[in-house]
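Peer 1: Please see the structure below; I have some questions.
The values are calculated or read from the model by the stated rules, or taken from the named source; none is laboratory data. Everything numeric in this text was worked out from a predicted model, so none of it was measured. Note that each Cβ is placed from the backbone with ideal geometry, even for glycine, and that neighbours are counted across all protein chains shown.
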Amino acid sequence: MSSVTDHLQHLPAEPTDAGDDDVVVLAWYRNPLTIASLLVGLLLLAGGIGYVVGNNRAIPNPNATDVGFLQDMRFHHEQAVQMSWIYLDAPGTDRGLRTVAREIVVGQEIEIGRMIQLLRGFGESEVNETDVAMSWMGHPTPLEQMPGLASEADIDRLVAAEATDADAAFVELMTVHHRAGIEMAAHARDHAATDEVRLMATQIVNGQAAEIEELELLLARSRS
């Protein structure tokens, strides 16, 4: 630090106005306090840059499981939201089951948004563009034939159902859907590289298992 100060002190002084008391105002680059402050600021900036670079290097890159899980589970979630809206449009359905259906809509829409955000952050496509799902699990499957997805006939049956028939169809289809989703999420929880994806997968496993229990309990109560 002393060598920098000595060098700056040999620079010509800026013109200053002297008052009656012959007070001389030093140029900013000759003021020791200013120079010290600048050097401290530079050291802090360098340290901050070093921390950011080092921290970024410490974050693992997403692997095939991170990306594949987010893309495929987004597709999976979208059908769960669709089935929930269909059920909510059905007349005469159980009040408790309708509450769960609304929770599924809100919860899975939020998770879809987070999946899109993570994929953008990873620099990956927001959707599975290959039309082959679950390769990241070692079980390549056509995207629209992923386990748990309702068929067109299943969707038509749900659309046509009313009252207790709609209750039963919704619980049946959503239970199958959730169980397959839990299997996918459990694999991602155990094999994803990033903390964000592992955390989301864990939450999906726990949340959907709890929803299955609630759906089955509510259906049983509605029939008693």
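Peer 1: Could you tell me how many of the residues in the range 117-141 are closer than 18 Å to ALA185 by Cβ, in contact with a strand residue (DSSP E or B) (Cβ under 9 Å, 6 or more places away or on another chain) and not in a loop (DSSP other than H, G, I, E, B)?
Peer 2: 3
Peer 1: Can you tell me which residues in the range 194-206 are under 16 Å from the mean Cα position of the chain (by Cα) and either surrounded by 15 or more Cβ atoms within 10 Å (Cβ to Cβ) or within 15 Å of GLU111 (Cβ to Cβ) (or both)?
Peer 2: Result: THR194, GLU196, VAL197, ARG198, LEU199, MET200, ALA201, THR202, GLN203, ILE204, VAL205.
Peer 1: Where the second residue is surrounded by 23 or more Cβ atoms within 10 Å (Cβ to Cβ) and not in a helix (DSSP H, G or I) and the first is assigned by TED's automatic domain parsing to the domain that holds HIS77 and touching a residue at least 40 places away in the same chain (Cβ under 8 Å) and lies in the range 190-205, which pairs have Cβ atoms under 7 Å and are six or more apart or on separate chains?
Peer 2: ALA201/ALA192
Peer 1: Out of the range 209-223, which residues are within 31 Å of the chain's Cα centre (by Cα) and of a type in the set (Gly, Ala, Ser)?
Peer 2: ALA209, ALA210
Peer 1: Could you list all residues from the range 145-168 that are free of Cβ contacts under 8 Å to residues at least 24 places away in the same chain and either under 16 Å from LEU97 (Cα atoms) or within 27 Å of the chain's Cα centre (by Cα) (or both)?
Peer 2: GLN145, ASP165
Peer 1: Answer yes if at least one residue in the range 156-167 is over 20 Å from ILE112 (Cβ atoms), loosely packed, with under 15 Cβ neighbours inside 10 Å, in contact with a Pro (Cβ under 9 Å, 6 or more places away or on another chain) and not charged (D, E, K, R), and no otherwise.
Peer 2: Yes, the range 156-167 has at least one match.
Peer 1: Among LEU219, LEU215, LEU173, which is the only one that is part of a helix (DSSP H, G or I), over 20 Å from HIS76 (Cα atoms) and assigned by TED's automatic domain parsing to the domain that holds PHE122?
Peer 2: The match here is LEU219.
Peer 1: Go through (1) in a helix (DSSP H, G or I); (2) surrounded by 14 or more Cβ atoms within 10 Å (Cβ to Cβ) and name the single condition ALA150 misses.
Peer 2: Unmet for ALA150, out of (1) in a helix (DSSP H, G or I); (2) surrounded by 14 or more Cβ atoms within 10 Å (Cβ to Cβ): (1).
Peer 1: Something else about it: Out of THR99, THR93, which single residue is polar (S, T, N, Q), assigned by TED's automatic domain parsing to the domain that holds GLU213 and not in a loop (DSSP other than H, G, I, E, B)?
Peer 2: Among THR99, THR93, only THR99 is polar (S, T, N, Q), assigned by TED's automatic domain parsing to the domain that holds GLU213 and not in a loop (DSSP other than H, G, I, E, B).
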